[in-house]
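All of the numbers you see were taken from the coordinates with simple rules; none came from a lab. Source: prediction; values computed, not measured. Counting neighbours? That spans all protein chains shown, and the Cβs are built from the backbone with ideal geometry, glycine included.
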Amino acid sequence: MKTEQEKKEKINPELKEVVVQRLLSSKLPENIKLSVGGLSEEPMSLSEIIEHVKKEDETGRIVIEMYLAYLKALKEGIVKKIQNE
């Protein structure tokens, strides 16, 4: 019988690495804390978020989905349109 983790679709390792590298290359200060939805009681550091992405847990999957949505919006010109308003 498959575990709950095995039932979830595996994330492409290259995609996960792209998200990790984008987070690492962000210009956010190291002392910044972020909150991802209501998934954690305390805001997380960038390194904690990267660990969640690497583990592919619920928080990591949400971060990956957000980056995919952002990249899709960037590709479709939505981000540029918003910036020009």
Within the under-15-Å Cβ sphere about residue 44, not counting residue 44, Lys/Arg +1 and Asp/Glu -1 give a net charge of -3
The convex hull of the Cα atoms of the chain, divided by residue count, gives a volume in Å³ per residue of 124
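Note the full-extension length gain between residue 28 and residue 45 as 0.36 nm times their separation in residues minus their Cα-Cα distance, in nm to one decimal.
Numbers: separation 17, 0.36 × 17 = 6.12 nm, distance 1.03 nm.
Fully extending the segment from residue 28 to residue 45 adds 5.1 nm.
About the Cα centre of segment 11-83, how large is the charge dipole given +1 on each Lys and Arg Cβ and -1 on each Asp and Glu Cβ? Please answer in debye to the nearest 20. Mind showing how you got there, number by number?
Numbers: 11 positive and 12 negative charges, 107 e Å.
Taking the Cα centre of segment 11-83 as origin, the dipole is about 520 debye.
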Connecting every pair of Cα atoms under 10 Å apart in the chain and solving the GNM, the largest mean-square fluctuation among 30, 51, 65 falls on 30
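Rank the residues 25, 45 as a footprinting-exposure proxy: fewest other Cβ atoms within 10 Å of their Cβ go first.
So the ranking, lowest neighbour count to highest, is 25, 45.
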Sorted on mean Cβ neighbours within 10 Å (highest first), peptides 72-78, 55-61 come out as 55-61, 72-78
